[in-house]
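No lab work stands behind these numbers, since they all come straight from the coordinates. Please read these numbers as outputs of a predicted model, since none were measured by experiment. Cβ: placed from backbone, ideal geometry, glycine included. Neighbour counts: every protein chain shown.
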Amino acid sequence: MVAALPSPRPTWRGYVFAAAVVAAATLVGLAASQHASLADEAMLYSLAIVVAAHAGRGPGLLAAGLSVLAFDFVFVEPRGTLAVADTRFVFTFVVMFVVGAAIGTLTVRLKRREREAMEAQLRARTEEVRSSLLSAVSHDLRTPLAVITGMATTLRETAGDAQQEGLDTIVEEAERLSRILQNLLAATKVDGGAAPRREWVPVEELVGAALQRLDDALQGRAVRVDIADDALAHLDPVLGELLIGNLVDNAAKHTPAGTPIDVRVRREGAAAILEVADRGPGVRAGDEQRVFEKFFRSQHAARAGVGLGLAVCRGIALAHGGTIEVEARPGGGAVFRVRIPDGEPLPALDAPPALAAEAAR
Amino acid sequence: MTAGDVVLVIEDETAMRRFLAQALGSHGFKVIEAGTCAQAVALATEARPAVILLDLGLPDGDGLELLRTLREWSTTPVIVLSARDREDDKVQALDAGADDYLTKPFGVSELLARIRVALRHARAQTVTEDPVIAIGPIRIDQARHEVTVAEAPVHLTPIEFRLLAFLARHAGKVLTHRQLLHEVWGPRSTQHTQYLRVHMAALRKKLETDPARPRWLTTEPGVGYRLRDE
């Protein structure tokens with residue numbers, strides 16, 4: 001049996017293999033020559049070409065050429081020379097070579113299709129296993145988390161002051177774990193290459209939803225929001241909310257309590273620019289790229305993280321064909337800037353006439 | 001809410017059922033539990049619950065299928081329990097007739113608030129509707145098409161008014177993009193989410209003190225909007 005998956009570019013082994021197959025066909029042909037006609041010998045070489053073509057197109061062509069030469073040398077009169085007594089055999093050689101080359105090409109194409117199908121199947125199966133594993137893991141982790149949060153809030157209703165603080169901590173930590181889990185799932189989704197579902201969204205709406213979700217984690221921290229001209233962005237609203245939430249959460253985590261966080265949004269050409277700026281210690285020189293790597297953890301985090309939040313932000317920005325960067329903020333602190341280019345031209349803001357007419361009825 | 005209201009909990013995880021039973025029991029509800037779809041259908045028929053809590057990830061069948069079956073003969077409010085990254089499931093469940101949802105993990109106060117809203121809406125169906133709805137500082141006169149915020153009149157476009165009135169009639173409840181588009185723009189417009197978003201933004205600007213941190217008109221990412229009423 002020839003290798004199941006021949007490499008697309010044949011190595012020298014392929015050519016040696018092709019020569020060996022033609023030699024073998026010649027030997028078999030010689031052994032059977034008493035009982036076989038010239039047509040049978042030609043068929044034998046066709047078989048050799050098909051087999052050799054499994055090693056690639058080059059070896060297939062070599063086998064076709066060698067077959068013509070061997071057929072002429074060994075079987076066609078005068079034997080033992082490359083001379084041809086009957087000129088009709090020249091035509092036979094040409095047909096043999098062309099048929100051999102065609103068979104070789106078809107075989108190679110068939111092999112390639114087969115390989116592509118197998119690879120696609122393998123990819124699909126990997127994706128399937130990955131997503132079912134993730135949903136199983138997330139379900140298995142979420143349920144205990146939901147029970148912990150639920151039970152702790154139930155106990156909190158009747159607990160005395162002494163226990164209150166402990167129960168608050170349990171609830172907060174369970175929520176944090178839940179955010180980590182969400183980022184873990186988002187990281188796999190974004191890395192898995194799932195296309196974002198882009199829509200035109202007022203960024204204000206995403207900022208509002210993110211700040212509402214982070215309400216407890218922000219612990220009353222001042223977040224100033226400045227959105228220029230009701231800026232719209234063309235992005236997946238669920239991923240967009242996560243992106244903004246992660247940037248704000250990151251700023252809150254790495255800056256002293258009481259320092260303000262600024263969220264600024266504007267449009268610039270055919271793109272939306274989101275900035276989250278803080279007054280913390282800033283990003284250490286040389287770490288400007290590394291902060292976006294998975295599992296990177298800074299030295300001065302007030303609350304330890306797993307190092308997924310910013311990596312997910314980068315994944316989301318890239319999935320939208322955008323960029324993310326961090327730089328020092330004039331006057332101290334860091335500015336994270338995300339650029340989300342429009343995936344389609346900005347539409348007219350008002351409802352089309354048909355919709356407006358219907359609404360006015 | 002009335003003491004002794006029956007809540008049917010359809011949830012396969014024992015620990016989760018225990019939490020819900022304890023939390024609701026201590027607030028005067030009578031809790032009955034089902035771990036499978038088959039049990040759930042039987043209990044929903046016999047026990048006539050006031051509210052149903054349904055986990056969408058049941059082992060012996062699709063929670064969504066169960067919801068559709070229930071909706072064939074019952075208008076009992078259904079609140080679905082689901083994970084955060086399952087927005088599509090939530091939207092499907094809401095469009096299939098669920099009244100609201102809770103994202104795991106959730107606390108007791110969230111749970112009780114959702115149940116309160118669901119019970120109130122279920123009971124309000126039998127009462128004649130007051131043309132004036134007041135939510136916080138917002139007052140909506142549906143007969144006169146007038147809206148005031150803290151006594152000050154606010155001018156709304158016809159679309160904005162219809163959006164707000166629909167949200168206010170379902171105050172406290174989440175409404176999906178599809179439900180809002182269907183109500184305000186008509187059945188052929190349920191794909192035009194971007195117009196809905198732009199009009200919601202305009203409405204927030206007119207009604208909220210800080211539109212970037214809305215107190216009343218909140219966004220449920222990937223699902224829809226909610227006009228909070230408490």
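Mean residue ellipticity, 222 nm, helices only, chain B: the sum of -39500 (n - 2.57) across DSSP H runs of n ≥ 4, divided by residue count and rounded to 500, is -13000 deg cm²/dmol.
Dividing the summed helix terms, -39500 (n - 2.57) for each DSSP H run of n ≥ 4, by the number of residues in chain A produces a 222 nm estimate of -19500 deg cm²/dmol to the nearest 500. Centre-to-centre, using Cα atoms only, the range A:163-235 and the range A:137-159 are separated by 20 Å.
For a straight C-alpha distance cut-off of 14 angstrom, the aspartates and glutamates reachable from B:LYS173 (same-chain residues fewer than eight places away being disregarded) are B:ASP95, B:ASP99, B:ASP100, B:GLU110, B:GLU220, B:ASP229, B:GLU230. Around the Cα centre of the range A:199-341, unit charges on the Cβ atoms of Lys, Arg, Asp and Glu (plus for the first two, minus for the last two) sum to a dipole of about 600 debye. Taking the charge dipole of the protein assembly as shown about its Cα centre, with +1 at Lys and Arg Cβ atoms and -1 at Asp and Glu Cβ atoms, the residue from B:ILE138, B:ALA201, B:VAL6 reaching farthest to the positive side is B:ALA201.
How much FRET efficiency would the formula 1/(1 + (r/R0)^6) give for B:ARG123 and A:GLU127, where r is the Cβ-Cβ distance and R0 is 41 Å, rounded to 0.05? Given R0 = 41 Å and the Cβ-Cβ separation, E is 0.30. Under the simplified labelling scheme, the A:VAL16-A:ARG79 pair shows an inter-label distance of 3.0 nm, with each label point 7 Å from Cα along Cα→Cβ.
Just to be sure I understand: with springs between alpha-carbon atoms less than 10 Å apart, which residue in A:LYS294, A:LYS111, A:LYS253 has the highest mean-square fluctuation in the Gaussian network model of chain A? For chain A, modelled as a Gaussian network with Cα springs under 10 Å, the answer is A:LYS111.
Beta bridges assigned by DSSP with both partners in the protein assembly as shown are antiparallel in approximately 65 percent of cases. Backbone phi angles across the range A:190-207, fed through the Karplus curve with coefficients 6.51, -1.76 and 1.60 (θ = phi - 60°), yield HN-Hα couplings of 5, 5, x, x, 5, 5, x, 8, 7, 9, 7, 10, x, 4, 3, 5, 5, 4 Hz in residue order; Gly and Pro are listed as x.
Between the alpha-carbon centers of the range B:209-225 and the range A:87-121, tell me the distance in whole angstrom. A separation of 65 Å, based on Cα centres. Distance between the modelled labels on B:SER26 and A:PHE296, one decimal in nanometres: 4.5 nm (7 Å Cα→Cβ projection). Taking amide H as placed 1.01 Å from N in the peptide plane, B:LEU53 has its amide H under 5 Å from the amide H of B:LEU8, B:VAL9, B:ILE10, B:ILE79, each at least 5 places away in sequence or on another chain. Think of the protein assembly as shown as having a plus end and a minus end, set by charges on the Cβ of Lys, Arg, Asp and Glu; of B:GLY222, B:ILE115, A:ILE148, B:GLY222 sits farthest toward the positive end of this dipole. Amide H to amide H distances under 5 Å link B:VAL31 with B:VAL7, where only residues 5 or more positions off or on other chains count and H is placed in the peptide plane.
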